[in-house]
Structure formats: C-alpha cells, structure tokens
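Read through the structure below, which is laid out as structure tokens, and then see the notes.
Where a number appears in this text, it was derived from the coordinates with a stated rule and is not lab data. These numbers come from a predicted model, not from an experiment. So basically every Cβ, Gly included, is an ideal-geometry build from the backbone, and we count neighbours across all protein chains shown.
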2 protein chains.
Amino acid sequence: MKIKRSERLVDMTDYLLNRPHALIPLTFFAQRYDSAKSSISEDLTILKRTFQDRGIGLVETVPGAAGGAKYIPYILKEAADEFMDEVIEILNNSHRLLPGGYVYMSDILGDPDKLRYLGRMIATQYLNQRVDAVLTVATRGIPIAQAASSYLNVPLVIARHDTNITEGSTVSVNYVSGSSKKIKRMTISKRSLDQGANVLIVDDFIHGGGTINGLTSLIEEFDCNLVGSTFFAEGAYQSGQQNVGNYTSLVKMENQDDGEMRITKGNYDEKIFGPSK
Amino acid sequence: MKIKRSERLVDMTDYLLNRPHALIPLTFFAQRYDSAKSSISEDLTILKRTFQDRGIGLVETVPGAAGGAKYIPYILKEAADEFMDEVIEILNNSHRLLPGGYVYMSDILGDPDKLRYLGRMIATQYLNQRVDAVLTVATRGIPIAQAASSYLNVPLVIARHDTNITEGSTVSVNYVSGSSKKIKRMTISKRSLDQGANVLIVDDFIHGGGTINGLTSLIEEFDCNLVGSTFFAEGAYQSGQQNVGNYTSLVKMENQDDGEMRITKGNYDEKIFGPSK
C-alpha cells in the first residue's frame with residue numbers, strides 16, 4: 001500500500017529532524033514509502049520551503065543518482081534575539097546574585113527547552129564549517145556542549161579534572177587557571193579524538209581564559225584543529241589576565257559599581273549572524 | 001494568506017517534536033496558521049496516526065475549548081531491541097576491554113544519535129508517570145541523563161562530588177561507595193529541586209550501588225519522591241555489596257572465567273516494555 005503524501009511529510013520531517021547534517025538518499029525515502037522518486041522530490045520541495053519559512057533550518061537537496069536530502073538546523077536572528085532577551089531578563093533577577101559576584105544559572109543550563117535554543121544557536125554559527133567533535137570540560141559546560149553536539153550531530157567529548165579508570169589511556173595537559181592563577185590539569189581519553197579532527201570548544205563560562213587555554217592545548221596534543229569556541233557566559237576581564245583570542249559569548253556579565261551584577265548580550269549577534277546590515 | 005495543509009503538517013510536526021509532554025492549545029495552531037480549528041483537528045488526526053504508525057510517539061488530543069495536543073515520545077520494543085543489539089555488539093568488541101575488567105564506553109555515551117535512542121527508551125518507561133526532574137551525578141552520567149530530560153522535557157539536575165561557588169547554598173550527603181567502600185560526598189544546589197518533586201535518577205553505571213544510595217539520600221533531603229532509576233550499564237554484583245532495590249539497566253556487564261568481559265541485555269525489556277506476551 002502506498003503511503004499518502006500527508007503521512008510522508010510528517011514522517012520525513014521527523015526523520016530529518018532526528019538526523020541533522022546527515023545525507024539521506026532519495027532512494028531510502030522512495031523505498032520507505034513505496035513511492036516514486038519524483039513524488040519524494042516534490043515532498044522535499046514542500047519540506048524545504050516550510051523549513052525555510054518557519055526558520056526551522058535548511059533542507060539541502062543534492063540532485064542525481066547519488067543524491068538525497070540533508071537537514072541543516074539553524075535559528076533566525078529574530079528568534080535567537082527573542083529567546084536571549086528572555087534569558088537575560090531571567091538572569092538579571094536579583095534573587096540569582098550569589099556571594100562573590102556570581103550569578104546562579106545552573107537551572108538555565110539544565111532546562112531542556114533552553115538547551116534546544118542554545119544548541120541551535122551554536123550550530124547556526126558553524127553550519128557551513130566542518131565540525132567533527134564538540135569538546136567541553138566537566139562539569140557545568142556539559143549540557144550546553146551536548147546540545148550543540150546534538151544539532152551538529154557530532155560526538156561530544158568531555159575532558160575531566162580527575163582521571164577515571166574507565167577511560168583507558170589518557171592524555172593530560174596542565175594549564176594556569178586564569179582566575180585563581182593555580183596550575184590545573186585536564187585529561188581526556190586517547191580514544192576520544194581522531195588526529196586531524198576539527199574540534200569546536202563549548203563551555204558554560206569564560207572568565208580568566210585558563211580553561212580555554214587548557215582545552216586548546218589538548219586539541220594541539222591530538223594534532224586536531226580548533227574550529228572555534230563558544231561560551232554561554234563571558235565574565236569581565238581584569239588587567240593582567242590572559243589573552244584568550246577569538247570566541248563567541250551568548251551573555252556578558254559585568255560587575256556594577258553598586259556591587260550588583262548586570263547581564264547583557266554577549267557578542268553572539270555579530271559572531272553568529274554576521275555584521276548587521 | 002492561509003497556510004496549506006502540507007505546510008501545516010510539516011511545521012506542526014516540528015513544533016510538537018520540540019515540545020514533548022507540553023499541551024499546545026488548538027487555538028494556538030489555529031492562529032499560527034490562520035486556519036479553522038476544524039482543519040487543525042484534521043491535521044492532528046493525520047499526525048496522530050502517522051506518529052503511531054511510525055513509532056514516533058503518541059499525539060494525545062484533549063477535546064473541548066481548553067483542548068489541545070500533546071506529543072508524548074516513545075520507542076517501540078522492536079526499534080529499541082534493534083538499537084540495543086547494535087550497541088551490545090559494539091561494546092563486545094575486544095578492543096574496548098580496559099585493564100581491571102572495565103569496558104570503554106564514553107564514545108557511546110557521547111554519540112548524539114545513540115543518546116537520542118537512549119533518551120527515548122528512558123522516556124518510554126515513564127511516559128505515564130509524573131516526572132518533574134531528572135537527577136544524575138557528575139560526570140559520565142550527564143549525557144544520558146540529559147537525553148532523558150530532553151524527551152521528558154523536564155529539568156536536568158546534576159549532583160557533584162566537588163562544591164562550586166556558582167551553585168549558591170547547597171545540600172550535601174555522605175554515602176559509602178559500593179565498590180571502594182570509601183565514604184564519599186555529593187552536593188547539589190538548594191535551588192535545584194522543589195519540595196515534593198517527582199525525581200527520576202539516571203546514571204551511566206551501577207556497580208556497588210553507592211551512587212544510587214547517595215542520590216536517593218539527596219532526594220529524601222529535599223522531601224522529593226523517587227520515581228525510578230535507570231542506568232546505562234549494570235555491573236556484576238559481588239556478595240556483601242549493597243542492596244540497591246529496583247532499577248532499570250540497558251546493558252549488563254559480566255566478567256567471564258577467561259578474564260574477558262561479556263556484555264548482554266540489561267533488564268530493560270521487562271522494565272520498559274512490560275512482560276512479553
């Protein structure tokens with residue numbers, strides 16, 4: 001029995017959304033629905049237009065016998081700004097201020113709906129670049145890194161401060177914590193990255209820049225390439241702190257003269273969506 | 001301009017898939033597409049049937065003026081078994097055997113595609129129960145816990161072995177590690193769980209049962225209810241180890257007489273899908 005177009009559209013949407021950046025051959029869909037390739041092509045045209053109109057992402061169609069369709073998730077600037085305005089308003093609630101000038105944000109980074117938005121934002125910046133893995137360091141950066149890895153559909157690799165017998169042979173680097181100036185150490189399994197892989201760093205917070213230097217050293221140890229680095233929050237820099245180069249931040253935290261913390265937009269607008277026209 | 005049915009179906013599928021367990025009012029869709037409620041009802045009938053036929057999940061429709069639609073993700077036993085057979089075959093590769101009888105599995109727990117399957121499997125077991133939060137402990141359990149939290153669409157809460165100034169006031173418990181018999185300590189932010197919440201424990205590995213006892217103590221400290229606990233892997237029990245009660249495991253690891261490790265199916269079949277008929 002042939003499957004109706006309406007059912008094909010629903011199932012193809014689910015199928016593609018669950019496999020970002022993967023090329024699905026036309027023949028696969030044709031067999032799955034016992035339908036002609038020409039019908040599948042028409043379906044994909046509808047998906048492509050709707051995904052674009054609704055800001056869901058790009059459906060790239062590759063023509064020819066070896067052709068197929070690929071879903072590339074993105075988020076539009078308007079949707080990202082609306083979401084980030086909401087996040088910033090939540091973070092600026094004075095009840096979140098912690099002693100020492102910190103802001104409680106673990107709930108934001110554990111909220112599945114917000115993680116979906118954050119993951120799509122990060123994936124948008126790198127949609128045209130080859131990314132083979134997302135690298136983070138335990139603990140708080142893991143959820144946002146995993147969200148990015150999900151939308152880029154590449155492995156998540158977690159560096160740790162402790163070592164664990166279940167990782168097998170490991171590679172460790174020392175680095176200087178930017179904020180405390182202490183020497184720290186981070187470790188990943190030797191099996192977790194392939195030589196030459198293109199690695200994206202994602203973490204929750206950049207302050208002194210020590211962590212990013214540690215992660216960058218790990219990437220160098222593996223002869224991998226650093227594609228970029230994205231942090232949920234960027235802290236204020238003090239003079240004498242390390243230079244951490246080029247990165248993307250979603251929010252920025254600044255101490256005010258009255259001891260309060262003010263959270264504003266990070267540099268994501270320009271980094272993700274480019275110079276405004 | 002009215003939106004065509006084909007476009008509505010694609011967008012509604014995306015919209016619902018991104019909001020598991022959330023009730024979306026019919027009026028919301030009617031306004032979004034400038035369409036009559038009766039058309040939206042027909043669309044939902046198509047979604048419901050296709051989601052069911054394809055094993056994507058349940059689309060629950062609530063009739064009446066306050067009615068709407070809710071997507072409840074699940075996975076069918078056949079799809080879960082096929083996926084788990086593949087995972088077990090991968091894990092049984094002898095290259096994964098580590099000194100001390102451990103098996104390397106961090107790559108499985110960092111693979112976004114596998115995490116989607118694992119998350120759906122865990123969400124399937126609890127689809128009829130109220131779950132308010134997923135609780136795990138750093139580090140290796142975080143990705144699978146986050147996958148479950150994503151499909152259940154509830155917050156992810158991470159207990160830690162260290163304490164962190166960015167968590168504010170915290171609650172800590174001591175527990176005895178089941179395997180090493182050492183006293184350990186785990187901590188979560190006071191803000192991370194509401195009193196009376198229904199909490200699901202998800203972690204990567206259960207061996208001596210110490211971690212689950214620690215997490216259960218945390219749940220008690222918050223006057224929360226334990227809904228259940230699911231572990232990716234279950235290790236062999238030795239006599240004298242703690243009784244950890246009722247849990248779900250996806251794979252089981254057993255030492256063989258020849259020093260090799262054999263990985264087999266955990267108890268998920270019965271726990272998730274019920275007694276076979």
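The charge dipole of the range A:77-273, taken about the Cα centre with unit charges on the Cβ atoms of Lys, Arg (+1) and Asp, Glu (-1), comes to about 680 debye, rounded to the nearest 20. One way to sum up the overall shape of chain A is the equivalent ellipsoid from its Cα gyration tensor, whose semi-axes run 38, 24, 15 Å, largest first. Separation of the alpha carbons by more than 20 angstrom is noted, of A:77/A:271; A:48/B:37; A:37/A:70, for A:48/B:37. Listed peptides B:170-179, A:211-220, B:221-230 appear in the order A:211-220, B:221-230, B:170-179 once ranked by packing, highest mean of other Cβ atoms within 10 Å at the front. With label points set 7 Å from Cα along Cα→Cβ, the inter-copy distances at residue B:45 are 2.8 nm, sorted shortest first. Full extension of the chain segment joining residue B:171 with residue B:32 gains 45.6 nm, where the gain is 0.36 nm per residue of separation less the Cα-Cα distance.
Dipole magnitude for the range A:5-73: about 120 debye, using +1 per Lys or Arg Cβ and -1 per Asp or Glu Cβ, origin at the Cα centre.
For the range A:24-174, the residue among A:163, A:31, A:173 whose Cα projects farthest onto the positive side of the dipole built from Cβ charges is A:31.
From its DSSP helices (H runs of at least four residues, each -39,500 (n - 2.57)), chain A gives a residue-normalised ellipticity at 222 nm of -10500 deg cm²/dmol. Need one word for the protein assembly as shown: rounded, prolate or oblate. Basis is the Cα gyration tensor (sqrt eigenvalues a ≥ b ≥ c); a/c below 1.5 gives rounded, then a/b vs b/c decides. It comes out rounded by the Cα gyration axes.
The packing ranking of peptides A:25-35, A:110-120, highest mean first, is A:110-120, A:25-35, where packing means the average number of other beta carbon atoms within 10 angstrom of each residue.
Put simply, the amide H of residue A:233, placed in the peptide plane, has neighbours under 5 Å in A:205, A:206, A:250, A:251, leaving out anything fewer than 5 places away on its chain.
Hydrodynamic radius of the range B:86-149 by the Kirkwood approach over all distinct alpha-carbon pairs: 13.1 Å. With contacts taken as Cα pairs under 8 Å at a separation of at least 6 residues, chain B carries a relative contact order of 13 percent. Plainly put, the tip 7 Å out from Cα toward Cβ on residue B:182 is 1.7 nm from that tip on each other copy, the closest given first. Taking a Cβ cut-off of under 11 Å around residue A:136, the surrounding Lys, Arg, Asp and Glu residues balance to a net charge of 0, with basic ones at +1 and acidic ones at -1.
Peptide A:137-150 has a mean of 5 when you count, residue by residue, the C-beta atoms of other protein chains within 10 Å of its C-beta.
Here's how it looks for residue A:228: its modeled amide H is under 5 Å from those of A:201, which are all 5 or more places away or on a different chain.
In whole Å, what three semi-axes, largest first, describe the equivalent ellipsoid of the range A:5-73 built from its Cα gyration tensor (square root of 5 times each eigenvalue)?
17, 13, 11
With viscosity 0.890 mPa s and temperature 25 °C, the Kirkwood radius over alpha carbon pairs of the range A:1-130 converts through Stokes-Einstein to a diffusion coefficient of 144 µm²/s.
In nanometres and ascending order, the distances from the residue B:223 label point to those of the other copies are 6.1 (point 7 Å from Cα along Cα→Cβ). In the range A:157-269, the convex hull through the Cα atoms has an average projected area of 7.9 nm², a quarter of its surface area.
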